[in-house]
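Have a look at the structure below, then the notes.
Just so it is clear, none of the values below were taken in a lab; they were calculated from the coordinates. Keep in mind it's a predicted model, so treat the numbers as computed, not measured. Positions of Cβ are backbone-derived with ideal geometry, glycine not excepted, and every protein chain shown enters the neighbour counts.
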Amino acid sequence: MKVGIIGAGNLGMALAKNASRNAEVTAVKRNVVDVEGVKVVDRMEEVRDCDIIFVALKPDVFRKELEKIGGIAGNKPVVSFAAGVKLEEMEKCIKKPYRAMTNLAIEHRSLIAYYPAETLQQISFLDAEFVECNSEKELDVMTAYIGSSPGILAYLLHAFILSAIRDGVDYEKAVRIAVSSFKSTAELYGRYGLEGMVRKIATPGGTTIEGIIRVEEVQSALIEALSSASSKAKVV
Ligand SMILES: NC(=O)c1ccc[n+]([C@@H]2O[C@H](COP(=O)([O-])OP(=O)(O)OC[C@H]3O[C@@H](n4cnc5c(N)ncnc54)[C@H](OP(=O)(O)O)[C@@H]3O)[C@@H](O)[C@H]2O)c1
């Protein structure tokens, strides 16, 4: 299988590395770089013989290049990972348009949201966990909750590190502890849910509950942060 990736920047190259584990990948960017396992070229025309084309351009660049990409793709499927560019816009120039959203962790393995349902057939060769969106609106929301969220949540992890350092833990240990605690949290949440975790971790009158009581402000700030990113994703 041959995969063409137009816009081999941060996200495009991460997708290229994932795809290259199961396919022959040609990635397009104007400033060519050497990447192991990926053929990097500077002309879009070179993906003409690919079986499928992924687009990971910035939304404004994608809109400018829609006609050209449509001409190159012909009857081949085009899956856009770009924020905001709607199927209706793509359909004007592209015969078989699909949309998906993921984040930089896709280089190794991550979650991919997609819409419409038939998109899965096009992307299932990727090493990923897949989640189907019920509407294009829901896919747009995923730009914030899947695409941007690592960049936002990293600040929470960093705050954790700073706090540990303030309490006397050295930097390297603080980073290890923070990363491990965030991983453990996700695992325990999946297993027990929030109420189960409170029951199992917070001893009545103990230390955990003192922290839980004060975390409400962080919760509100996080809701605001993710909602702001989500609102912005609707207008890019
Ligand atoms: N970064 C993320 O974490 C992330 C997560 C989810 C979704 N996304 C989405 O992915 C898209 C790309 O974001 P990004 O952060 O990966 O941006 P980026 O790093 O700027 O990547 C875009 C790439 O497109 C290339 N490019 C620009 N004009 C081109 C053209 N005319 N022909 C071919 N290649 C061209 C650029 O490389 P040259 O300058 O060498 O041409 C650039 O490396 C956006 O729509 C964004 O919403 C990104």
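For this structure, a couple of remarks:
- With eigenvalues of the C-alpha gyration tensor scaled by 5 and rooted, the chain, Å: 39, 19, 16
- Selection among Tyr114, Ala128, Leu87 by position relative to the dipole of segment 43-139 gives Leu87 as farthest towards the positive end (Cβ unit charges, Cα centre).
- Folded to 0 to 90 degrees: helix 10-19 orientation relative to the chain principal axis, Cα: 80 degrees
- A DSSP coil position with no more than 13 other Cβ atoms inside 10 Å describes the following GluC sites (Glu not before Pro) in segment 28-60: Glu36.
- For the chain, the longest principal axis of the C-alpha atoms and the axis of helix 171-201 are separated by about 80°.
- The antiparallel fraction among DSSP beta bridges confined to segment 2-133 stands at about 15%.
- A simple rule links phi to the HN-Hα coupling: the Karplus curve 6.51 cos²θ - 1.76 cosθ + 1.60 with θ = phi - 60°, which for segment 91-106 gives 4, 5, 10, 10, 6, 10, x, 9, 10, 8, 8, 8, 9, 4, 5, 4 Hz, with x for Gly and Pro.
- Neighbour-count ranking [beta-carbon atoms within 10 angstrom, fewest first] of Leu139, Leu153: Leu153, Leu139
- Sorted by Cβ density within 10 Å, fewest first, the residues Val38, Val33, Val3: Val33, Val38, Val3
- Crossing angle, helix 59-73 versus the chain [Cα axis fit, 0-90 degrees, rounded to tens]: 40 degrees
- Close amide H contacts of Val40 (hydrogens built in the peptide plane, cut-off under 5 Å, sequence separation of 5 or more or a different chain): Ala27, Val35.
- Ordering of 13-25, 200-212 by burial proxy (mean other Cβ atoms within 10 Å per residue, highest first): 13-25, 200-212
- Our summary gives the chain a relative contact order of 15 percent, counting only alpha carbon pairs under 8 angstrom and 6 or more residues apart.
- Extension gain from Asn31 to Glu91, taking 0.36 nm per residue of separation minus the Cα-Cα distance: 18.7 nm
- 5 angstrom amide H check on Phe54, placed H, neighbours 5+ away: Gly4, Ile5, Ile6, Val79
- Here the contact order of segment 13-111, divided by its residue count and restricted to Cα pairs under 8 Å and six or more residues apart, works out to 26 percent.
- Checking the cross-link pairs Lys200/Lys232; Lys76/Lys183; Lys58/Lys173; Lys2/Lys173; Lys96/Lys232 against a 32 Å limit on the alpha carbon distance flags Lys200/Lys232; Lys76/Lys183; Lys58/Lys173; Lys2/Lys173 as lying beyond it.
- The simple Förster model, with R0 at 22 Å and r as the Cβ-Cβ distance, assigns Arg191 and Leu153 a FRET efficiency of 0.65.
- Spatial offset of segment 95-144 relative to segment 213-236 amounts to 22 Å, using the alpha carbon center of each.
- Antiparallel beta bridges, as assigned by DSSP with both residues in the chain, represent about 15 percent of the total such bridges.
- Dividing the summed helix terms, -39500 (n - 2.57) for each DSSP H run of n ≥ 4, by the number of residues in the chain produces a 222 nm estimate of -15500 deg cm²/dmol to the nearest 500.
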